[in-house]
Amino acid sequence: MIFGKDTGNWKKYEALKKDEYSVNEKYWKKYKGISKELAQEIPAEKLYEIVDNYVCWIVGNSYDAEMDAKLQKLPAAIKYAYLVYTYECEINNGGFDQFYFNSIGYEVFEIQKGLEFFGLKKNKILLDKSLELLKQKIDVSKYHELASKRELPTEDFENEFHELDSQFYDYPEKIEDIINEYLDKHREDLVTAE
């Protein structure tokens with residue numbers, strides 16, 4: 001307790017049983033965000049994971065434009081860490097085809113910014129190439145509409161996407177290490193709750 005105000009910290013976070021997947025629902029409901037104390041106490045190697053955990057709670061079951069609206073309210077470091085984390089998970093689970101088919105594909109332009117934000121140049125090149133393929137078949141001004149309807153023509157680029165998947169799976173950059181290092185140096189940017 002600081003001045004009679006209960007704020008969330010790392011011990012409290014670790015003490016609570018994690019609910020669905022990795023989201024510690026009880027913690028986020030109680031503390032409503034990342035306190036200054038928690039931001040300072042999270043072990044450096046856990047920052048990327050905990051930021052994802054927090055944003056998963058924020059976005060909940062929202063998709064597409066609704067999810068985007070929630071993400072836009074977050075500090076850049078938190079928003080981009082979440083988006084890159086989700087991009088990484090989608091590619092690992094089903095490649096670029098799955099990435100574009102699932103709702104996170106709606107955020108491709110924000111993910112490009114996130115990869116740039118963290119200096120993940122090799123991953124940005126891969127994502128840019130995948131998007132360039134889609135631009136051969138779609139009017140990019142209609143991207144969000146097509147993504148919302150799950151009507152992006154990914155099946156037209158199966159072979160090309162498999163090649164990009166292979167390049168991604170070689171992990172040309174240590175995404176988790178790079179983002180954890182950035183977040184560790186910018187912990188003040190993680191604070192979302194007093």
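Descriptive notes on the structure:
- One residue from Gly114, Gly105, Gly95, Gly119 being within 16 Å of Asp52 (Cβ to Cβ) and either crowded, with 20+ Cβ neighbours inside 10 Å or of a type outside the set (Val, Ile, Thr) (or both): Gly114
- Check on Ile104, free of Cβ contacts under 8 Å to residues at least 24 places away in the same chain and either in contact with a helix residue (DSSP H, G or I) (Cβ under 9 Å, 6 or more places away or on another chain) or at positive phi (or both): yes
- The set of residues in the range 49-64 that are in contact with a helix residue (DSSP H, G or I) (Cβ under 7 Å, 6 or more places away or on another chain) and either part of a loop (DSSP other than H, G, I, E, B) or farther than 13 Å from Ile34 by Cα (or both) comprises Val59, Ser62, Tyr63, Asp64.
- Filtered residues of the range 50-61 (kept if within 14 Å of the chain's Cα centre (by Cα) and without any contact (Cβ under 8 Å) to a residue 60 or more places away in the chain): Ile50, Asp52, Asn53, Val55, Cys56, Trp57, Ile58, Val59, Gly60
- Qualifying positions in the range 181-194 - open to solvent by less than 80 Å² (accessible area, probe 1.4 Å) and either over 14 Å from Asn53 (Cβ atoms) or of a type in the set (Phe, Trp, Tyr) (or both): Tyr182, Asp184, His186, Arg187, Asp189, Val191, Ala193
- You will find that of Ala77, Ala65, the residue that is open to solvent by less than 40 Å² (accessible area, probe 1.4 Å) and either among the aliphatic types (A, V, I, L, M) or more than 18 Å from Glu107 (Cα to Cα) (or both) is Ala77 and no other.
- Residue that is farthest from Gly8 (Cα to Cα) [pool: residues in the range 65-78 that are in contact (Cβ under 8 Å) with a residue 40 or more places away in the chain and either part of a helix (DSSP H, G or I) or touching an Asp or Glu at 6+ places or on another chain (Cβ under 6 Å) (or both)]: Ala65
The values are calculated or read from the model by the stated rules, or taken from the named source; none is laboratory data. Predicted, not measured: the structure shown is a model, and the values here were computed from it. Cβ: placed from backbone, ideal geometry, glycine included. Neighbour counts: every protein chain shown. When the accessible area is computed, the model is the full protein with side chains, heavy atoms only, and any ligands, DNA or RNA have been set aside. Shrake-Rupley method; radii C 1.70, N 1.55, O 1.52, S 1.80 Å.
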